[in-house]
1. Under the 0.36 nm per residue contour assumption, what length would be gained going from the current alpha-carbon distance of LEU159 and GLU97 to full extension?
2. From the helices alone, meaning DSSP H stretches of at least four residues, give me the mean residue ellipticity at 222 nm for the chain, per-run term -39500 (n - 2.57), in deg cm²/dmol to the nearest 500.
3. In the chain, what is the volume of the convex hull around the alpha carbon atoms, normalised per residue and reported in Å³?
4. Points 7 angstrom from Cα along the Cβ direction at HIS129 and TYR176: gap in nanometres?
5. What's the ranking of 156-162, 110-116, 48-54 by average number of surrounding C-beta atoms within 10 Å, highest first?
6. Working only with C-alpha atoms, what are the Rg and Dmax values of the range 110-169, expressed in angstrom?
7. Considering the zone a paramagnetic label at ARG40 would reach in this model (a point 7 Å from Cα along the Cα-to-Cβ line), which residues of the range 71-88 have amide N under 15 Å from it?
8. Using Cβ contacts closer than 10 Å as the measure, can you line up VAL104, VAL164 from fewest to most?
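Just so it is clear, none of the values below were taken in a lab; they were calculated from the coordinates. Since the structure is predicted, the reported quantities are computational estimates derived from the model, not experimental observations. Cβ coordinates were reconstructed from backbone atoms using ideal geometry, including for glycine residues, and neighbour counts include every protein chain displayed.
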Amino acid sequence: MPNDHNVIENPVTGERVTFRKRPAETGGALLEFELALEPRPAGPPEQIHARQEEHIAVTSGSVLLRLGGSQQRLSTGTAMTLPAGVAHTLWNDGDEEARVVVQVRPALSTDVAIETLFGLARDGKTNKHGNPNPLQGALLAREYETFFGWPAVPLQRALLAPLVPIARLLGYRARYPQYSEPKDD
């Protein structure tokens, strides 16, 4: 799949991403993609984007959103901005596919993070929730500044710091050429 990265799927989580605008097209200001979610009883673990906000707009179906400990249903035509630094997750608990347009600002390398996680899942290198092993996860968290919903980000940074060099020594990477295009440097 190295030549076509506009549509990618995660067979473990039942997610499909269609990239609409990539960081290279927006000067790094924006990543926009459509997220299609299969019905699932629960979504990915809560996550925190240290420096990014997300704007989500439901275009079909409905999703449950947990933001900062509060849960609410968003249905077709509703939108919400998720601030940086606040734990969140969303999932489709309905019977039909749900679609959400996601805008991430600033884009950073979030598209590569998504490609990497989905690629690891396709290759059987994640658990049943789509999470990589702790060493791979530590490296990805540090590289892409996306952390679990708890404990606090500064504590996670401190706990993950010693794992990163070990992960690199063992051959783990934040970017794999088989999952994403070369970075434009």
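1. Values: separation 62, 0.36 × 62 = 22.32 nm, distance 3.71 nm.
Working it through step by step, the gained length comes to 18.6 nm.
2. Numbers: 4 runs with 39 residues, N = 185.
Taking each H run of at least 4 residues, the total per residue is -6000 deg cm²/dmol.
3. Details: hull volume 21.0 nm³, N = 185.
Each residue corresponds to 113 Å³ of Cα convex hull volume.
4. 2.1
5. Numbers: 156-162: 13.9, 110-116: 22.6, 48-54: 17.6.
Top of the packing list down: 110-116, 48-54, 156-162.
6. 11.4, 31
7. In the range 71-88, the label zone of ARG40 (backbone N under 15 Å from the point 7 Å along Cα→Cβ) covers 88.
8. Working: VAL104 24, VAL164 18.
By the 10 Å Cβ count, ascending, the order reads VAL164, VAL104.
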